[in-house]
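Undergrad: A single structure is presented below for examination.
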């Protein structure tokens, strides 16, 4: 299955399943969506006081379900990440998936939604910038690449700047599968749930932002002990960003990757950084090793 393609004037629902924001922020996001020739929509009461999130669990779940099931909605784009999406996954289990998939865009906390939709509904999704960050913090090159994908101008995304991190990644070969994963903490949050990430035969992608080096190591050790790496065919580490101790984070990821039996590679173009290229999840992917290491993913 491929990523659903948008056309001009398509209805795009802006959601806030995690952290909240301001009306000014969401109106700016809507203006960006409109600048693409799309029709942005969001409820005026999308924000309401809550202990952690943009609104109550019941409201956020109802808004998300309406966006997923409304036949007029062609795409669902997260305003921001933060925390909260895991709290409303249970609500999605009570409904039947629409027959026609919609384009779901986001990253960070939206990883929970990616995992659920990829596994439970069989929908492909797009790991890509959230709307609150896209104009001010994301490079124009990344935005241009995203536009090409959502409008069907590219049917394949190729990452050619992968760096092998262990012996297995230096062997000549090729893996055909699909990519799953996203933000590492959210992948960890899925463990032990009935929507736990399934990595068997998949290419696992992980990225992270703002976590201390020891926490990164601790989470990866937990994922390893839970069999998450052993079941996968390969793992790609995206951006692991720590503003205070970046060199320690890099060493932490490299040391851990070196100990894995499966091919482990790094890609500096996907994650939480200013350079944030879209990565289709749940579509066909081909990971090539040897002289020309690359990841080609169907969009």
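Undergrad: Helix 213-225: angle to the longest alpha-carbon principal axis of the chain, degrees 0 to 90, nearest 10?
TA: 80
Undergrad: Translational D (Stokes-Einstein, µm²/s) of the chain at 25 °C and 0.890 mPa s when Rh comes from the Kirkwood sum over C-alpha pairs? Could you put the intermediate results ahead of the total?
TA: On the way: Rh = 19.2 Å.
Rounded, D is 127 µm²/s.
Undergrad: I've got another one for you. Taking other Cβ within 10 Å of each residue's Cβ, how do 11, 127, 41 sort, fewest first?
TA: Numbers: 11 18, 127 27, 41 15.
The order, fewest Cβ neighbours first, is 41, 11, 127.
Undergrad: Working only with C-alpha atoms, what are the Rg and Dmax values of segment 56-125, expressed in angstrom?
TA: That works out to 11.0, 30 Å for Rg and Dmax.
Undergrad: So how do 267, 53 line up by other beta-carbon neighbours within 10 Å, fewest first?
TA: 267, 53
Undergrad: Could you work out how much longer the chain between residue 174 and residue 2 gets when fully extended? Use 0.36 nm per residue separation minus the Cα distance between them, nm to one decimal.
TA: On the way: separation 172, 0.36 × 172 = 61.92 nm, distance 2.10 nm.
Additional length available on full extension: 59.8 nm.
Undergrad: If one computes the Cα centroid of segment 95-112 and of segment 67-93, what distance in Å separates the two points?
TA: Using only Cα atoms to place each centre, the spacing works out to 6 Å.
Undergrad: For segment 109-227, take the convex hull of the Cα atoms, compute a quarter of its surface area, and give me that in nm², please. The partial results should precede the final answer.
TA: Details: hull surface 37.0 nm².
Computing the convex hull of the Cα atoms and averaging its projections yields 9.3 nm².
Undergrad: Normalising by the residue count of segment 206-260, find the relative contact order in percent from Cα pairs under 8 Å and 6+ residues apart.
TA: Numbers: 44 pairs, mean separation 28.4, N = 55.
Over segment 206-260, the number comes to 52 percent.
Undergrad: Under 8 Å for C-alpha pairs, at least 6 residues apart: give me the relative contact order for segment 11-150, rounded to a whole percent.
TA: Working: 214 pairs, mean separation 36.2, N = 140.
The value is 26 percent.
Undergrad: Residue 147 to residue 167: FRET efficiency via 1/(1 + (r/R0)^6), r the Cβ-Cβ distance, R0 51 Å, to the nearest 0.05? Don't jump to the answer; show the numbers that get you there.
TA: On the way: r = 39 Å, r/R0 = 0.76.
It comes out at approximately 0.85.
Undergrad: Among 96, 148, 200, determine the one that fluctuates most according to a GNM of the chain built with springs between C-alpha atoms less than 10 Å apart.
TA: Between 96, 148, 200, it is 96 that shows the largest mean-square fluctuation.
Undergrad: Now for a separate question. Determine the relative contact order of the chain: mean sequence separation of Cα pairs under 8 Å and six or more apart, normalised by residue count, in whole percent. Intermediate results must be reported in sequence, preceding the final value.
TA: Numbers: 638 pairs, mean separation 62.9, N = 299.
Contact order relative to length: 21 percent.
Undergrad: For the pair residue 294 and residue 65, what calculated FRET efficiency results from E = 1/(1 + (r/R0)^6), where r is the Cβ-Cβ distance and R0 = 45 Å, to the nearest 0.05? Mind showing how you got there, number by number?
TA: Details: r = 38 Å, r/R0 = 0.85.
Working from the Cβ atoms, E equals 0.75.
Undergrad: Two decimals, Cα atoms only, Kirkwood Rh: what is Rg/Rh over segment 11-150? Intermediate values should be presented prior to the final figure.
TA: Values: Rg = 13.9 Å, Rh = 15.0 Å.
A ratio of 0.93.
Undergrad: Let me ask another. I'd like the orientation of helix 57-69 relative to the chain: the angle between its Cα long axis and the longest Cα principal axis, in ° from 0 to 90, rounded to 10.
TA: 90
Undergrad: Looking at the chain only, what percent of DSSP beta bridges run antiparallel? Nearest 5 please. Each step should come with its number before you reach the end.
TA: On the way: 18 of 45 bridges.
In the chain, DSSP labels about 40 percent of beta bridges as antiparallel.
Undergrad: Using only the Cα atoms of segment 156-298, what do you get for the radius of gyration and for Dmax, in Å?
TA: Cα-based Rg and Dmax for segment 156-298 come out at 13.9, 40 Å.
Undergrad: By the gyration tensor of its Cα atoms, with a ≥ b ≥ c the square roots of the eigenvalues, what is the shape of segment 238-294: rounded for a/c under 1.5, prolate for a/b over b/c, or oblate? Please report the intermediate quantities before stating the final value.
TA: Working: a/c = 2.23, a/b = 1.23, b/c = 1.81.
It comes out oblate by the Cα gyration axes.
Undergrad: Using 7 Å Cα-to-Cβ label points, what is the residue 214/residue 284 separation (nm, one decimal)?
TA: Spacing of the two 7 Å Cα→Cβ label points: 4.7 nm.
Undergrad: Next question, about the same structure. Go ahead and estimate [θ] at 222 nm for the chain from helices alone: -39,500 (n - 2.57) per DSSP H run with n ≥ 4, summed, over the residue count, rounded to 500.
TA: Working: 9 runs with 88 residues, N = 299.
Here the helix-only value at 222 nm equals -8500 deg cm²/dmol.
Undergrad: Give me the angle, in degrees from 0 to 90, between the Cα long axis of helix 140-150 and the longest principal axis of the Cα atoms of the chain, rounded to the nearest 10.
TA: The helix 140-150 is inclined about 70 degrees to the chain.
Bear in mind these aren't lab numbers, they're just calculated from the coordinates by the rules spelled out. Being a predicted model, the structure only gives us computed values, none of them experimental. Backbone-built Cβ (ideal geometry, glycine too); neighbour counts: all protein chains shown.
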